[in-house]
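Input: a single structure, listed below in structure tokens.
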Amino acid sequence: MKANIAIIGTGGTIAGRGESSVNTSAYACSVVSVDEILSGIPELASLANLQAEQLLQMGSENFATEHLLLLGSRISRLLQQDHVDGVVVTHGTDTIDETAYFLHLTLKSMKPVVVVGSMRPPSALSPDGPLNLYNAILVASSPASRGKGTLVVSNDEIHTARDVVKTSTFKLESFRSPYGPLGYVVEGMPRYYREPARSHTLETPWSIEEIDRLPEVGIVYAHGGIDAGMVDAVTNARMSGIVYAATGNGNVAEHVVGALLRARREGLHVVRASRTGSGVVIRNGAQPDDKYDWLVVDDQAPQKARILLMLALTREARSAELQRMFHRY
Ligand code: DGL
């Protein structure tokens, strides 16, 4: 029996169109409707019973917290319907890693949710969207995908939302997880080799149904010669937290420490993360976090740390508990 899969269109390159078939990187994004995308791939009809809706039509670089909440609530309502077996979201690839992690932490269901995009528009020679979407629907339809949280499917790979990040502006193999994908889709069959190790969906304290707003958290990207005023800008914007995408293992330039201490004094939580792309940040390693009342990521990329801190702050203000969340999720 075919699975019933709900598809939510939100835009991105998978909904893009170039002037010519050789425009693989320069094109208009978020212009093709989800119905048009689906009708361009007749092979999908044999995979599952599909119902599609256009929730948003925008580049994912424009996603703000209200878009995350809107998308999460819509998916949650679909998952509550008995006849829906899984949900696939078509999404721009720029912030797909943020949206997927947000859904991974806030949806309360064992049913598969797959977020999918493409690096080339459907109008290009060798587009990747049709196969990515075909694979995403296969993954969402498979009982083997239940209980794994939110997944990102791209380039024949199945990634856990917690780990995956976009690593290239144009390559089809842009999506990478530091510990590798959970599995692959080969010849119409998802093959899993690993499980997500960290708590998600049913095992988190956050339910999308209970969140009506998210606190704002900013990211400051460190570099040689950084002006401490970059940190002050976030503090002065009265945000609730700063993720400092530090160099190396969370190093903070001496002249920036004072600005981060001021941020903490003014009530913002400060998280040391790393701009390196992988690896853990050691608490009380490069900086005395206990003394400064700062936090560190476990190994979350700065953009994932921002999502996690926003969620954490909806329930918790105690530093020790916030720190525990970084090591748990
Ligand atoms: N505007 C970008 C976005 O929606 C296009 C990138 C893409 O989807 O590959 O994220």
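Kindly report the accessible area of the chain per residue (heavy atoms of protein chains, probe 1.4 Å, no ligands, DNA or RNA), in Å².
The answer is 42 Å² per residue.
With all protein chains in place and ligands, DNA and RNA left out, the 1.4 Å accessible area ranks 216, 66 as 66, 216, largest first. Where does helix 65-79 land angle-wise versus the long Cα axis of the chain, in degrees 0 to 90, nearest 10? Orientation of helix 65-79: about 50 degrees from the principal axis. Starting from the Cα gyration tensor of the range 66-130, take the square roots of the eigenvalues, sort them a ≥ b ≥ c, and report rounded, prolate or oblate (rounded when a/c is under 1.5, otherwise prolate if a/b is larger than b/c, else oblate). It comes out prolate by the Cα gyration axes. Among 132-140, 290-298, the peptide with the highest mean count of other Cβ atoms within 10 Å heads the list, and the full ranking is 132-140, 290-298. In order along the range 296-312, the Karplus-derived 3J(HN,Hα) couplings, from 6.51 cos²θ - 1.76 cosθ + 1.60 at θ = phi - 60°, round to 10, 6, 6, 9, 5, 4, x, 5, 6, 4, 4, 4, 5, 5, 4, 5, 4 Hz, and Gly and Pro are given as x.
Site pair residue 257 and residue 82 shows an inter-label distance of 6.3 nm when each label is modelled 7 Å from Cα along Cα→Cβ.
When +1 charges are put on Lys and Arg Cβ atoms and -1 charges on Asp and Glu Cβ atoms, the dipole computed for the chain relative to its Cα centre reaches about 620 debye.
For a paramagnetic label modelled on residue 193 (point 7 Å from Cα along Cα→Cβ), amide N atoms under 16 Å away belong, within the range 159-176, to 159-160, 176.
The magnitude of the dipole of the range 180-279, with charges of +1 and -1 set on the Cβ of Lys/Arg and Asp/Glu and taken from the Cα centre, is near 300 debye. Annotation: amide H of residue 114 within the under-5 Å range of 87, 88, 89, 151, sequence separation 5 or more or interchain, hydrogens built in the peptide plane.
Note on the range 83-180: Cα Rg divided by 2.2 N^0.38 Å, N the number of residues, gives 1.00. Each of 242, 294, 218 was scored by the projection of its Cα onto the charge dipole of the range 186-329, and the greatest displacement toward the positive side belongs to 294; charges sit on the C-beta of Lys, Arg, Asp and Glu. Each semi-axis of the equivalent ellipsoid for the chain is √(5λ) with λ an eigenvalue of the Cα gyration tensor; in descending order they amount to 35, 21, 17 Å. With the charge dipole of the chain set up from +1 on Lys and Arg Cβ and -1 on Asp and Glu Cβ about the Cα centre, the Cα lying farthest toward the positive end among the listed residues 26, 124, 47 is that of 47. Mean sequence separation of contacting Cα pairs (under 8 Å, at least six apart), scaled by the length of the range 211-297, corresponds to a relative contact order of 28 percent. Shown are 304, 111, whose ranking by accessible area with a 1.4 Å probe and every protein chain present, most to least, is 111, 304. Considering only 72, 202, 92, and ranking their Cα positions along the charge dipole of the chain that arises from unit charges at the beta-carbon of Lys, Arg, Asp and Glu, the one farthest toward the positive end is 202. Only Lys, Arg, Asp and Glu carry charge here, each on its Cβ (+1 for the first two, -1 for the last two); on that basis the range 267-329 has a dipole of about 140 debye about its Cα centre.
Name the shape class, rounded, prolate or oblate, that the alpha-carbon gyration tensor gives for the range 179-227, where a ≥ b ≥ c are the square roots of its eigenvalues, rounded holds for a/c under 1.5, and otherwise prolate holds if a/b is larger than b/c and oblate otherwise. Here the range 179-227 falls in the oblate category. For the chain, the 222 nm mean residue ellipticity estimated from helices alone, with every DSSP H stretch of n ≥ 4 adding -39500 (n - 2.57) and the total spread over all residues, rounds to -8000 deg cm²/dmol.
When a 1.4 Å probe is rolled over the protein heavy atoms, the share of accessible surface on the range 174-263 that falls to carbon and sulfur comes to 51 percent.
For residue 125 and residue 203 in the same chain, what is the full-extension length gain: residue separation times 0.36 nm, less their Cα-Cα distance, in nm?
Fully extending the segment from residue 125 to residue 203 adds 23.8 nm.
Dividing the mean sequence gap of close Cα pairs (under 8 Å, 6+ apart) by how many residues the range 116-167 holds gives a relative contact order of 28 percent. Split the accessible area of the range 1-80 by element, probe 1.4 Å, and carbon with sulfur accounts for 49%.
For the range 99-127, the residues whose amide N sits under 14 Å from a probe point set 7 Å from the Cα of residue 20 along the beta carbon direction are 124-125.
The values are calculated or read from the model by the stated rules, or taken from the named source; none is laboratory data. Worth saying up front: this structure is predicted, and the values here are computed from it rather than measured. As a convention, Cβ positions derive from the backbone with ideal geometry for all residues, glycine included, and neighbour counts pool all protein chains shown. Heads up: the accessible areas ignore ligands, DNA and RNA and are worked out on the full protein's heavy atoms, side chains in. Shrake-Rupley method; radii C 1.70, N 1.55, O 1.52, S 1.80 Å.
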